[in-house]
Amino acid sequence: MSMYLRPYFRGFVATFCLTTLAISSKGMAAEWTAQPAVTARHEYNDNINLSVHPHKSVRGSFITPSLDLGVNTPTWLLNGGVSATQRRYSGQAGLDRDDSASRLSTLYRTERNIWQLSASRSQSSLLSGDLITSDTGIVQTQRQTLTESVTPSWTWMYSERTQLQVLYQLSDVSYGNSQSVGLYDYDYRSATATLSNQLSELNRVFVIGGYSTFSVPTTGFDSDTRSLQVGASRNFSSTTQGTLQAGLRNSDSFTRGGNPVFTRFSTVINGEIEDVLIQTGVTQDSRRETTSSVFSGSLERKFERAFARLAVNRALIPSGSGGQTEQDSVSINLTDPVSPRLMLSVNANWQKTRAFEGNIANSDLTYYNFSSGIDWQWSRDWSVGMDYRYAHVNREHETAAADSNSVGLTLIYRPLKMSISR
């Protein structure tokens with residue numbers, strides 16, 4: 001854990017433990033829960049690196065044990081969880097990884113106030129992760145990513161209709177020996193304040209003000225961003241609701257002189273495809289100010305059985321490519337419980353990423369993926385799922401696009417949640 005977040009994380013763990021002890025010593029009514037699970041998966045992927053060069057197909061076997069714990073009282077909520085994933089591949093060297101994740105969260109509620117605090121730490125594989133991040137598609141080499149985050153928040157109910165929420169986030173992201181392929185450790189801090197008012201049973205309006213800092217110590221790059229958005233949400237019916245918000249953001253970035261400017265290339269090294277950076281210049285002390293629009297929106301609809309969601313977003317996203325990226329994205333999600341034991345899901349995502357700041361050239365890309373799957377709960381504790389995934393990336397510094405197809409079989413053992421009230 002980085003030296004910046006270590007004191008916060010330790011303080012949070014201490015708060016978690018002391019609060020739990022206080023609940024026990026005061027004899028407050030509490031429900032203690034535990035939820036273990038084990039997930040096993042086998043997967044075939046014809047282009048796991050999303051490479052435009054000749055490549056091999058691979059097969060992977062994963063196993064993930066996990067445990068979620070919680071304590072629930074009338075005024076306090078305490079939750080935590082840990083998981084570990086072993087990934088083993090055949091067909092290509094250098095892909096095996098051991099991932100892990102841990103999280104802690106607490107909530108304290110009074111008549112008009114809610115205090116929340118959460119912390120997380122995850123070590124994941126950049127190419128074999130299921131989530132789409134700001135670094136998805138940037139490189140064609142497997143790298144381990146360590147992400148640590150602490151987020152406190154406070155919500156104040158001024159009245160039955162009006163509330164204020166203040167949230168602060170501290171995040172550190174590091175990559176294992178990845179500067180040669182153009183991934184740089186960074187620190188990200190952000191603060192937001194949201195004032196909302198429930199105009200009626202169906203309509204809510206809100207204003208969001210934000211400030212964030214982004215720093216890449218290795219390249220001497222720093223950026224400060226301010227944003228202001230206004231939005232509204234509406235329940236069109238008992239089954240349909242939507243949210244839309246939009247505004248402007250202004251960023252001031254500073255690059256200290258004397259740092260090299262790199263351009264990204266892909267080449268073959270020792271029979272493996274690698275992204276390499278070639279120095280094409282040296283930075284001068286420079287400042288830059290940019291202004292752009294930001295927006296997001298979603299539309300959700302519940303049918304008799306199915307649920308559908310459409311979301312759009314434009315935001316300035318911290319990235320390991322040496323600067324922040326402006327990202328436009330669209331996602332569609334559909335779930336349909338075909339029967340009490342059978343669930344069908346379809347997901348589609350599209351995103352366009354542009355390097356808006358920093359001194360790494362040729363990191364712009366367009367990425368989209370599609371996935372469909374079916375899950376069968378064949379007993380109380382066991383479920384099995386099958387899925388297909390397609391991914392496509394077009395990096396602007398390459399002359400061709402890359403495609404990937406994968407199929408997987410997943411087996412999950414999740415016994416009933418254990419609960420004790422005392």
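For segment 143-156, taking the residues that are within 21 Å of Q351 (Cβ to Cβ) and touching a Leu at 6+ places or on another chain (Cβ under 8 Å), the one that is modelled with the highest pLDDT is identified as T145. When we screen N235, N197, N203, N250 for residues that are under 19 Å from T155 (Cα atoms) and polar (S, T, N, Q), the only hit is N197.
Of the residues that make up segment 41-57, is at least one free of Cβ contacts under 8 Å to residues at least 40 places away in the same chain, within 29 Å of R103 (Cα to Cα) and either of a type in the set (S, T, N, Q) or touching a helix residue (DSSP H, G or I) at 6+ places or on another chain (Cβ under 7 Å) (or both)? Checked segment 41-57: no residue is free of Cβ contacts under 8 Å to residues at least 40 places away in the same chain, within 29 Å of R103 (Cα to Cα) and either of a type in the set (S, T, N, Q) or touching a helix residue (DSSP H, G or I) at 6+ places or on another chain (Cβ under 7 Å) (or both).
Restricting segment 168-215 to residues that are at pLDDT 90 or above and in contact with a Gly (Cβ under 6 Å, 6 or more places away or on another chain), the residue that is least open to solvent (accessible area, probe 1.4 Å) is F206. Comparison of S159, S120 shows that the only residue that is small (G, A, S), at pLDDT 75 or above, open to solvent by 40 Å² or more (accessible area, probe 1.4 Å) and part of a loop (DSSP other than H, G, I, E, B) is S159.
The values are calculated or read from the model by the stated rules, or taken from the named source; none is laboratory data. It should be emphasised that the depicted structure is a prediction, and the values quoted were computed from it without experimental measurement. FYI the Cβ positions are ideal-geometry reconstructions off the backbone, even for glycines, and counts take in every protein chain you see. When the accessible area is computed, the model is the full protein with side chains, heavy atoms only, and any ligands, DNA or RNA have been set aside. Shrake-Rupley method; radii C 1.70, N 1.55, O 1.52, S 1.80 Å.
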